[in-house]
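Encoded as structure tokens, the structure appears first; notes follow it.
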Amino acid sequence: MSNYINDLKSQKPSKKNRIFYPGQKELEEEKFRLHKGIPFDLEMQKDFIRMDKKYKIDFFDKLI
């Protein structure tokens, strides 16, 4: 398996595409989310803010 992964890493990708070994995308996404948090679309952000105000949690006020 390590030979396979090393072979993939040594290959040159095209300008637009990267070459990933199995599980690499998931590992990179996990690291991103641990560092930056889970991304939410704008509609979901609005829903959280509405619930925050409705239930007087004041969580988002502390973040701003």
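The values are calculated or read from the model by the stated rules, or taken from the named source; none is laboratory data. The shown structure was predicted, so the numbers you read here are calculated from the model rather than taken from an experiment. Note: accessible area is taken over every heavy atom of the protein model, side chains too, but ligands, DNA and RNA are not part of it. Shrake-Rupley method; radii C 1.70, N 1.55, O 1.52, S 1.80 Å.
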Inset, instruction - Please list, or write none, the lysines whose alpha carbon is within less than 26 Å of the alpha carbon of residue 25, excluding same-chain residues fewer than 8 places away. - result: 9, 12, 15, 16, 36
Inset, instruction - For helix 24-36, report the angle its Cα long axis makes with the longest principal axis of the Cα atoms of the chain; keep it between 0 and 90° and round to the nearest 10°. - result: 30
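At 222 nm, what helix-only mean residue ellipticity would the chain give, in deg cm²/dmol to the nearest 500, using -39500 (n - 2.57) for each DSSP H run of four or more? Don't jump to the answer; show the numbers that get you there.
On the way: 4 runs with 40 residues, N = 64.
It lands at -18500 deg cm²/dmol.
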Inset, instruction - Quick one: accessible surface of residue 59, probe radius 1.4 Å, all protein chains present, in square angstrom to the nearest 10. - result: 110
Inset, instruction - Give me the angle, in degrees from 0 to 90, between the Cα long axis of helix 42-54 and the longest principal axis of the Cα atoms of the chain, rounded to the nearest 10. - result: 30
